[in-house]
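Scroll down for the structure; my scribbles are underneath it.
Readers should treat all values here as calculations from the given coordinates under stated rules, not as data from a laboratory. Computed from a predicted structure; not experimentally measured. Using ideal geometry, Cβ is built from the backbone for each residue, glycine included, and neighbour counts are taken over all protein chains shown.
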Amino acid sequence: MLSAMDLAPQTDFSLRKPLKFNVENAAFKRDPFPTLGAMRAAGPVIPIKFSFVGKVWVTTTHAATLGMVKDNELFVQEGRNAGKAGVAGMTWWMPKSIKLLANNMLLKDEPDHRRLRKLVDRAFQRRGVMDMRADIEALADKLLDEIQHEARPDLANDYSRRLPLEVICELLGIPDQDRKIFGEWSRMTASISGPFGLLRAMKPLSKMIAYVRVQINECRLHPRDGLISELVCAEDEGEKLDENELVAMVLLLLVAGFETTTHLINDSIIALEQNPAQKAFLLADPAARMERSVEELARFTTPVQLTKPRYVARDCTFFGQPLKRGDIIMAFLASANADPAEFNKPDTLDLERFPNPHLVFSSGIHFCLGMQLARVETQSALKQLYERFPNLEIIEPDRLVWMERLGFRGVTSLPVRLR
């Protein structure tokens, strides 16, 4: 039986001649399925040019994407393992503060990845995510209380963003009085969408880094509740996180802990409102149907569309496509999750879909650390919202502004009538 590595190439693709698929504009974000279908028709591994990252290979099918994210020997994060310098996707001109953030486990190969992940896992697992459900639902209710009398509340910024931000600040142990400004810094740095956006984000990012260093020092002197303090104290077989690793890890947990969930909640609301029969099915028995429904909403919307870039560690043929050592490759999770070879009618929202082997949270050693938290937050957000406002309506749904940002699918605002 032939493996993916043995298949003959279907076409003569080259990184020098990337295919002209635009997966960053608002039209794609609004309805990605036609473009994703065309990409898969072109091949399981194709060349594309992205802003910021440049010319890269991307996987388009479920099989190729799963194969890539699980092979951490052939596809590596660190340039030194592929005859390159630095980290894949990080260009030489990027500011030091951005390069500091590359010192996190998502951008490390083994054995450093394992060392960092074990320390973070140990601290993270002390917080029982499933035990947090009641508190998350109570927080969702509190946020809904604040906006229920507004004529056109913005769910994106007043609900879907605030809920996971409050939760991750609580988990990290950010003092109450600092959370508003910390959230504003986070919002500004999370909206980076190009070189100019990167420059605009430098000031808030520098403030965040300085703030995190202060919090780390305070936790060393006076340990308190929260992941920052636990990461400071975390130790495994005599190894600890150094300060730069701590800063990078805290900022990773912050951004990954609220931004992706924000988009998942928003995208789920939009998908439900666009599919009233599926919404009615969920609301008929949310207690029994919510968990499976959120898995399908996650697959259908795939708010994080791409993985971080990786380097090809050696010359090879992968799913029929010759790759050279040092090439950059990314897994297109959104395309994998829309692959008809794996999912029946993938462009249809089916809340009863089972099994549902989506790759929303990736797979392999770099699978999402906070996936259970994201699930609980999204389930809680939808449950409380529709329990109180089952007849809500999106105001001007055809005029939603979709973010033109590589790798993310989300809206800038979500005005509604709560009715």
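If I model a spin label at R292 and S413 as a point 7 Å from the Cα along the Cα→Cβ vector, what separation in nanometres do I get?
Using points 7 Å along Cα→Cβ, the separation is 3.8 nm.
Grab the Cα-Cα distance for N22 and T317, subtract it from 0.36 nm times how many residues apart they are, and report the gain in nm with one decimal.
103.6 nm
Tell me whether the chain comes out rounded, prolate or oblate; compute the Cα gyration tensor, take square roots of the eigenvalues as a ≥ b ≥ c, and use a/c under 1.5 as the rounded threshold.
It is oblate, given that a/c is not under 1.5 and a/b is not larger than b/c.
Calculated from DSSP H runs of 4 or more alone, at -39500 (n - 2.57) each and per residue, what is the 222 nm mean residue ellipticity of the chain, nearest 500?
About -14500 deg cm²/dmol.
I want to verify a result. In a Gaussian network model of the chain, Cα cutoff 10 Å, which of these has the top mean-square fluctuation: H113, H62, H222?
H222
Which FRET efficiency value, to the nearest 0.05, is calculated for A85 and Q372 with the Förster distance at 22 angstrom and r the Cβ-Cβ distance?
About 0.05, to the nearest 0.05.
Span-like helices, the chain: DSSP H, alpha-carbon axial extent 27 Å or more, mean Kyte-Doolittle -1.0 or greater, which ones?
Long hydrophobic helices here: 195-221, 243-274.
In a Gaussian network model over the chain where Cα atoms closer than 10 Å are linked, find which of P309, P286, P34 has the largest mean-square fluctuation.
The residue that fluctuates most here is P34.
What pairs in K70/K118; K55/K308; K29/K345; K20/K108; K55/K345 have C-alpha atoms more than 24 Å from each other?
Too far apart for the 24 Å limit: K20/K108; K55/K345.
Using the beta-carbon distance between A277 and D178 and R0 = 51 Å, what value does 1/(1 + (r/R0)^6) give for FRET efficiency, to the nearest 0.05?
0.70
In the Gaussian network model of the chain, springs joining C-alpha atoms below 10 Å, which of P153, P47, P397 carries the largest mean-square fluctuation?
So, out of P153, P47, P397, the one fluctuating most is P397.
Under a plain spin-label model, where a point goes 7 Å from the Cα along Cα-to-Cβ, how far apart in nm are D31 and K49?
Going by the 7 Å Cα→Cβ label model, 2.8 nm.
For I395 and R325, compute 0.36 nm times the residue count separating them, minus their Cα-Cα distance, and round to one decimal in nm.
Result: 20.2 nm gained on full extension.
What FRET efficiency comes out for the pair E73/N344, r = Cβ-Cβ distance, R0 = 35 Å, nearest 0.05?
0.60
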